[in-house]
Structures are given as structure tokens and as C-alpha cells.
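Since the structure comes first, as C-alpha cells, the remarks are kept for the end.
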Amino acid sequence: MNRLDAIKYFIVAAETLSFRATAERFSVSPQVITRVISELETELGELLFKRNTRSIRLSDFGEQWLPKAEQFLQQEHSLFGLSKTNDSELSGIVRITAPPSAYSDWVLKQLLIELAPYPNIRIDWRTGFNVLKPVEDQIDIGVRITQSPDKNWIVKKIRMFNEPIVASPKLIEKVGRPENINALVERFPVGSLLNTKTNRPYPLYINDELFPIYQAHVITDDNKALLQAVLAGRVFAPIPYMDCQPYIETGELVNIFPRSESQKWAYYLYRPWQAITAKRVLLVYKLLENIYLRGN
């Protein structure tokens, strides 16, 4: 058994979940793929796939072994320089996911400006808070807001940020200013982002303490929409500082608890481990890294 070929077969089979499709990719028969995968499983002493007559899926061991195999193949590819950059490698689509915010809109604009010398690179830009998967959703690059990145990502921490509770002077004049966070969540109109996994508002995090929101006056899955609700004088809400800073500076918004420490989050730029990463993806990843660091 050629171990390098076996790893390549395994990675593609894990992506396609089809030995036949894997065979077509490598121009060999499905029997060859089946035999090599079986030999690889024998050598590892574990099943990589669970099979039935209709389909295959990764075993628990296979899911754990996949990122290691991808990392090994990526290192082998880099070591021997198996490809050379040419015009065809800098063309095609790059799929990116980012959290919805005015800041993300600015990043997209800067990226498209930076890509002017590469007119054949097409961008598929998707916004949302859910983690999109590299295989099922075909995501090449992502931006995640989290406190701890996934260990299977190639990641770059690009900035820290906090979310002050803000409101418009119009709303403060109408309903008053809460003296503390408990008063805010109990007696004042609050807006919140929606946790789509639980279908409930995200809680507020202030001074490392969690404050549930039981009844949000405005709830949305889009930071930009929540910002507009605050600007309209409807709610108090946590807004990422880079989005609300211009309005605080002009007096259109007020930081309600300036002496309190709101929850700190990190922006991570990531791409999944892949057996081979296209040159266009590496280029866009580097451009995004520079844009985010420049925007700090």
C-alpha cells in the first residue's frame, strides 16, 4: 500500500462520502479505493468509515483522524512545491462567511478593492452567526466571533472587541437611564441578537456576569438591524464597539454603563485544513488578514 495515495483517497472519500466519486477523481476503479481504504484501516487498527450497501459515513475515529491526514498532506504539498502559481490558479470562486455587521460590510468593500488586480477571482460572501461547514457549505474562509477557536481550524486572531450597552438620547429622555444592569433587563426596553440554536435572545455579559433577557422588545439575527433599532430610539442594546463608535462620537448614541466592562470577544480569521488549498484562497486569506489588522 502506498501510504500517500491512501491518505489522498481517504481525504477525498471523506469529502464526497462516495468511493465511486473518489475513484472518478483519481481515474481508478471503485474496487481500488475500497481495497486501499481497507488496507489503511487494517494498518491503523480502526475503521475510518461505516458502510452499508447504499452509503458510507465517517466513523468517530475517521472524524478525529481526518484533520491530521489533511495537515500531513498540506505539509507534504508545501515541502515539495507541487504546483506553481499561474493565471488559472488565480481565478475561480472563493466562498467566505462573516458575521453580519457594518464592520463586515467595510471589510468586504476593502477586499473587493484589493482584488482589482485579480478580475477572475469571484467572491461568494455570506453573513450569519452560524458556523458554516467547509464540506457541506463549501466554505473556503470564515470569520468567527468566539472566545476559543476550533482546534481543526487554521486560525489568525485579528482583533479583540467589546459590546457596550448603548441607547439614543431620545430614548433616555423618554424612559430614563437605568442605574444598573439588573434594572435594565427588568424594566427597560432591550434589544438582542437571536441565538438561532435555542431560538432565544442571547444574554448580556457585563463584568463577567451573565444576565438573561427574558423578553426582548426587538430581536434579530443581524447586528446591523439591531443597530438601526437602537438609532431609531426603540431599545437599549449591546452593539460591537467598531459599529457604534461613530455614533457615540457624534452624540447619536450614549454608552449606558461606561465604567462597566462588557464581555470581550475575539475575531478569528480561519480556513479549514484541506489536503490542497487553492492559490486563490491563500491570496484572499492573506488579503483579509491584512485588512482586518489594518482596521484595528
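The values are calculated or read from the model by the stated rules, or taken from the named source; none is laboratory data. Small disclaimer: the values here were computed from a predicted structure and weren't measured. All Cβ positions, glycine included, derive from the backbone under ideal geometry; neighbour counts span all protein chains shown. These area figures cover heavy atoms from the full protein model, side chains too; ligands, DNA and RNA do not enter into them. Shrake-Rupley method; radii C 1.70, N 1.55, O 1.52, S 1.80 Å.
When only Cα pairs below 8 angstrom with a gap of at least 6 residues are kept, segment 7-60 shows a relative contact order of 30 percent. The calculated FRET efficiency for Arg126 paired with Ser29, based on their beta-carbon distance and R0 = 45 Å, is about 0.75. Only aspartates and glutamates eight or more places from Lys8 in sequence, or on another chain, were considered; those with a Cα closer than 20 Å are Glu24, Glu39, Glu41, Glu43, Glu46, Asp60, Glu63, Glu70, Glu76, Glu136, Asp140. Annotation: the antiparallel percentage among DSSP beta bridges lying fully within the chain is about 70. Which aspartates and glutamates does Lys174 reach when only Cα atoms under 19 Å apart count, and residues fewer than 8 places away in its own chain are ignored? Partners within reach: Glu186, Glu252.
Along the chain, counting only trypsin sites (Lys or Arg not before Pro) with a DSSP assignment other than H, G, I, E or B and at most 10 other Cβ atoms inside a 10 Å radius, the longest segment between sites is 85-150.
For Lys170 and Glu289 in the same chain, what is the full-extension length gain: residue separation times 0.36 nm, less their Cα-Cα distance, in nm? Working it through step by step, the gained length comes to 39.0 nm.
Here's the picture: charge each Lys and Arg Cβ at +1 and each Asp and Glu Cβ at -1 in the chain, and of Val12, Gln228, Pro164 the one pushed furthest to the positive end of that dipole is Val12. Once every DSSP H run of n ≥ 4 in the chain is given -39500 (n - 2.57) and the sum is divided by its residues, what mean residue ellipticity at 222 nm do you get, rounded to the nearest 500 deg cm²/dmol? Calculated mean residue ellipticity at 222 nm is -12500 deg cm²/dmol.
If R0 is 30 Å, the Cβ-Cβ spacing of Glu209 and Tyr118 corresponds to a FRET efficiency of close to 0.05.
Once all protein chains are placed together, Trp153 keeps about 40 Å² accessible to a 1.4 angstrom probe. The magnitude of the dipole of the chain, with charges of +1 and -1 set on the Cβ of Lys/Arg and Asp/Glu and taken from the Cα centre, is near 300 debye. Taking only the Cα atoms of the chain, the radius of gyration and Dmax are 23.9, 76 Å. Around the amide H of Asn195, modelled in the peptide plane, lie the amide H atoms of Arg200, Tyr202, all under 5 Å away and 5 or more residues distant in sequence or on another chain.
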